[in-house]
Structure formats: structure tokens, C-alpha cells
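Report on the structure given below.
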Amino acid sequence: MRTALFLLLPLTLAACATPRESCLSSVGRQGRVIDALISQTRGNVMRGYAIEEREELRTRRELCEFRRNDGSIGRRFCDKTTAEDVRVPVTIDIEAEKVKLDQLLARREALTRAESAAKAQCVARYPQ
């Protein structure tokens, strides 16, 4: 459910955006992805391990209501299973992460130059 809302939010906001804002946003999309990867990789290198999200099933005992044959309500213990997201530390090759970080930083630098030119085109195409 949360994922569905997360996916609908950009669509809702895009409907309100001007053509210029839409153009500028689409130009910066790849940069935002690379920025997120840089941030994640820096965190991995600083900590010395990565953090992975996994979904785990958890069962807990609760007091549940049930209807008896005579129509009255009774209570008894029952097991309820829920799915929970947990963050788990994962081992990494720190040297490989450093190489990955250097590559991402180089890619970001090149992308910044390309984004500047593309943003200038958006401004020229859609003056306000």
C-alpha cells in the first residue's frame, strides 16, 4: 500500500507542474538517482558494512474473538502473522565499495555538465 502511494505521488505532482518545471525535473532525474547511490555507498564505506532491508514474517499470540454455536462471543488465544521490514547488516568488500564510489563521483561530475546544458535548453524552450 505504501509503495502504491509512493508511485502515485510523482504523478499527482506532475499534473500540477508547468511544462518548464516538468522539463527541469526530467533533466535532473538521473542525477538524483546517482546522488542517492553516492550517499548509500559513502555510508557503506564509513560503516564498513551495508544495510539491507528484508521482509520477515513474525508471529505473535493475541486474544481473538470467535462466535460460538449458540451465537455468543468467546475469546481465545490465536496466532497472528504479520510481515515486517527489518534492516540487516551485510558484509561488503570495502575496497570494491571505494572503487564504486569513485566511479559514481566521476559519473556525477560528467552528468552535472550535461544537466547544465539540458537545463539551459529547458529554460530557453519554456521561458516564464
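The values are calculated or read from the model by the stated rules, or taken from the named source; none is laboratory data. Here the structure is a predicted model, which is why all the values come from computation and not from measurement. Virtual Cβ from ideal backbone geometry, glycine too; neighbours counted across all protein chains shown. Just so you know, the surface numbers come from the protein's heavy atoms only, side chains and all, with ligands and any DNA or RNA stripped out. Shrake-Rupley method; radii C 1.70, N 1.55, O 1.52, S 1.80 Å.
A few notes on this one:
- Evaluating L104 against the criteria (1) more than 20 Å from the chain's Cα centre (by Cα); (2) within 16 Å of S39 (Cβ to Cβ) leaves one unmet condition, (1).
- Residues satisfying the stated conditions in segment 87-128, i.e. of a type in the set (V, I, T) and touching a residue at least 24 places away in the same chain (Cβ under 8 Å): V88, V90, T91, I92, I94, T112, V123
- Identity of the residue in segment 119-128, surrounded by 14 or more Cβ atoms within 10 Å (Cβ to Cβ) and assigned to a helix (DSSP H, G or I), that ends up nearest to the chain's Cα centre (by Cα): K119
- If only residues of segment 44-60 that are in a strand (DSSP E or B) and within 16 Å of D93 (Cβ to Cβ) are counted, the one that is least open to solvent (accessible area, probe 1.4 Å) is A50.
- Annotation note: of K98, K80, the sole residue that is surrounded by 10 or more Cβ atoms within 10 Å (Cβ to Cβ), part of a strand (DSSP E or B) and either out of contact with any strand residue (DSSP E or B) (no Cβ under 6 Å at 6 or more places or on another chain) or among the basic types (K, R) (or both) is K80.
- Annotation: A50 fulfils all but one of (1) more than 30 Å from L24 (Cα to Cα); (2) hydrophobic (A, V, I, L, M, F, W, C); (3) within 18 Å of the chain's Cα centre (by Cα); (4) at pLDDT below 95; the unmet one is (4).
- Residues considered: L63, L111. Of these, the only one that is touching a strand residue (DSSP E or B) at 6+ places or on another chain (Cβ under 6 Å) and either within 30 Å of E21 (Cα to Cα) or in a strand (DSSP E or B) (or both) is L63.
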